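None of the figures in this text is laboratory data; all of them are computed from the coordinates on show. Nothing here was measured: the structure is a model prediction, and the numbers come from that model. Glycine gets a Cβ as well: all are built from the backbone with ideal geometry, and neighbour counts include every protein chain shown.
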């Protein structure tokens, strides 16, 4: 019987009880950079337009500068691009994530992996 | 104007797209150990009984052994205790979490913190 798949680590950043940044927001910023619009980015990630927009609003309000600049033409009209702040936040998060994943390797993670039930 | 509160790190462990363990489950195991029942543990964490029980079921099915042993008397009737496996999973997760939080300190986290908006 094969073992359960490998444990994957997800790193969420909170301020108090509020989520500030994490893998979903990072993926969305990358997809916006690639797709050039919030709706296309959300679609590429299987998110509803409403949810993608809500995440963008939350990020734009939570940081000192907007992370995403939506072009004129209304919420559904224009394209969207990452700002410099958006690129900085994304790069810093990916760097932090890589460091954390690397640091997590070792005995404790192996123990948890060993206690996981084999897949059916 | 005070800066935003410090960024807190939460470490979620997934198998594929399914959550295997994280801070909520760890807190619940600790509370069960302290309170001696799932309902009291959930209450102490502000979780509904239904949600606390769902987390316990999920953990008990996801690992090679049960992490929580509910005493006879029905779901709402008896007490509950951590099994040895429950203690091992909890200890390994807390150890991993401490290592990750320590490793996260540094430039990337400082950058993210610096880009967070000051609190109103």
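Worth a mention:
- Gyration tensor (alpha-carbon) shape descriptor, segment B:77-120, a/c threshold 1.5: oblate
- Order of B:101, B:56 - criterion: other Cβ atoms within 10 Å of each residue's Cβ, fewest first: B:101, B:56
- Inter-probe distance in nm under a simple model that places probes 7 Å from Cα toward Cβ, at residue B:19 and residue A:8: 1.6
- Copies compared at residue B:54 - label distances in nm, ascending, label defined 7 Å from Cα in the Cβ direction: 1.6
- Between copies, the label points of residue B:98, set 7 Å from Cα on the Cα→Cβ line, lie 2.9 nm apart, reported in increasing order to one decimal in nanometres.
- Value at 222 nm in deg cm²/dmol, rounded to 500, when DSSP H runs of n ≥ 4 in chain B each add -39,500 (n - 2.57): -17000 deg cm²/dmol
- Acute angle (nearest 10 degrees) that the helix A:23-35 long axis makes with the longest principal axis of chain A, alpha-carbon atoms: 50
- Proportion of all alpha-carbon pairs of chain A beyond 23 Å (%): 42
- Projected label distance in nm at residue A:105 and residue A:84, using a 7 Å step from Cα toward the beta-carbon: 3.6
- Closest approach of a chain A beta carbon to the axis mapping chain A onto chain B (residue, whole Å): A:103, 2.
- Shape category assigned to the protein assembly as shown from the gyration tensor of Cα positions, a/c cut at 1.5: prolate
- Between B:95, B:103, B:37, the GNM of chain B built on Cα springs shorter than 10 angstrom shows B:103 fluctuating the most.
- Per the Debye calculation on segment B:1-46 with a single equal scatterer at every Cα and no solvent contribution, log₁₀ I(q)/I(0) for q = 0.20, 0.25, 0.26, 0.27 Å⁻¹ amounts to -0.75, -0.86, -0.88, -0.90.
- Using a 7 Å projection from Cα along Cα-to-Cβ, the label point at residue B:34 is separated from the same position in the remaining copies by 4.3 nm, smallest value first.
- On Cα atoms only, tilt of A:84-104 relative to the major axis of chain A in degrees: 0
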